[in-house]
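None of the figures in this text is laboratory data; all of them are computed from the coordinates on show. Keep in mind that this is a model prediction, so the values were computed, not measured. Neighbour counts are summed over all protein chains in view; Cβ atoms, including those assigned to glycine, are modelled from backbone coordinates with ideal geometry.
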Amino acid sequence: MPGHPQAEDTEPAEATPLHVRMRGDIVSGALPAGSRLKTQDLARRYDVSINPVREALHQLSGEGFVILSRNRGARVRMLDEAFVRNIFDIRALIEPYLIRLFVGHASREEIARMVAIQEEIEALDGPDQVRLDVLDDAFHQVTYGNHFNSEALAIRERHGQVVHALALRYPASPARRRAQNEEHRRIIAAIAAADENAAAAVVEEHARGAERHLLEQLRRDRANG
C-alpha cells in the first residue's frame with residue numbers, strides 16, 4: 001500500500017533524519033507506546049540539541065506517531081488494533097474516490113508504467129520489504145499523484161507513513177504478497193477497461209487485505225507477549 005518507506009533507516013545514524021530515527025524506535029518499541037517524550041531526555045538519547053527534538057516531535061505528530069498535548073506534553077501513540085482499523089477505514093474511503101478520477105483519464109503510457117512497476121514487484125528476490133514498499137508506492141503514485149484533492153492526498157500520505165513503518169516491523173507474508181500482486185493486476189485490468197467501479201472495488205479490497213494482514217500480525221505479537 002501507498003505512502004513512503006524510509007530507505008534512510010539503513011544509513012549511518014548521523015546521516016539519518018532525527019524523526020526517522022525516532023520513528024524507528026517507536027515502531028520497534030524502544031520508545032514504548034504510551035510513554036512520555038521529554039525533550040531533554042530525547043536530546044540526550046540522540047545526542048542532539050533541543051530544537052531538532054522539537055521539530056522531530058512535530059513531524060511525528062503530523063505523521064500520527066506522537067500525540068502532542070498542551071497540558072500533557074508529548075507521548076507515543078498506541079499503535080494498536082483500534083488505530084490500525086481507523087487508518088484503514090479512512091483509506092478504504094479515500095482510495096476508491098481517488099482512483100475513480102484517474103480511470104477516466106488514464107493514458108496508455110501511465111498504464112504501461114503501472115505494468116512495468118508491477119513486473120518489478122513480482123521479480124523481487126526474497127523478502128525485501130523496503131524495496132517492495134518503494135515499488136508499491138510508485139505503483140499507486142501513478143494513479144493518485146496528480147489528483148486535484150491535495151487534502152485527500154495529504155491524509156493518505158500521512159497514514160501511509162504509519163502503514164509503511166508497521167510493514168517494516170511486520171513484513172508482508174508470502175500469501176499476502178501473492179494477494180497484493182493479484183490485486184495490482186486486477187487494478188490495472190480495470191483501468192485498462194475504463195471500468196471505474198471495478199477499479200474502486202479492487203482498491204478497497206486491496207486496503208482491507210492490508211488491514212487484515214497487519215491486524216493478524218499485531219494479534220500474534222500480542223499473544224507472544
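Things worth noting here:
- Gyration tensor (alpha-carbon) shape descriptor, the stretch 112-168, a/c threshold 1.5: oblate
- Over the stretch 94-195: Rg over Rh, Cα atoms, Kirkwood Rh: 0.96
- Modelled FRET efficiency - R0 35 Å, residue 48 with residue 81, Cβ distances, 0.05 increments: 0.55
- Under the shape rule built on the C-alpha gyration tensor, where the axes satisfy a ≥ b ≥ c, the chain is prolate, since a/c reaches at least 1.5 and a/b is greater than b/c.
- Sites residue 178 and residue 55 - FRET efficiency at Förster radius 45 Å, r taken between beta-carbons, to 0.05: 0.65
- Gain on full extension, evaluated as 0.36 nm per residue between residue 192 and residue 97 minus their Cα-Cα distance, stands at 32.4 nm.
- Exposure proxy order (Cβ contacts within 10 Å, fewest to most) of 97, 144, 46: 97, 46, 144
- Listed peptides 106-113, 191-198 by packing density, highest first (mean Cβ within 10 Å): 191-198, 106-113
- One Cα centroid belongs to the stretch 149-220, the other to the stretch 70-133; the line between them spans 5 Å.
- Two tests apply to each whole DSSP H helix in the chain, Cα reach of 18 Å or more along its axis and mean Kyte-Doolittle hydropathy of at least 0.5, and the ones passing both are 81-105.
- By the count of other C-beta atoms within 10 Å, a proxy for reagent exposure, 99, 50 are ordered fewest to most as 50, 99.
- P(r) weight above 15 Å for the stretch 7-76, C-alpha pairs, percent: 49
- Helical contribution to [θ] at 222 nm, DSSP H n ≥ 4, -39,500 (n - 2.57), averaged over the chain, rounded to 500: -23500 deg cm²/dmol
- Pairs of Cα atoms farther than 20 Å apart, the stretch 44-125, %: 63
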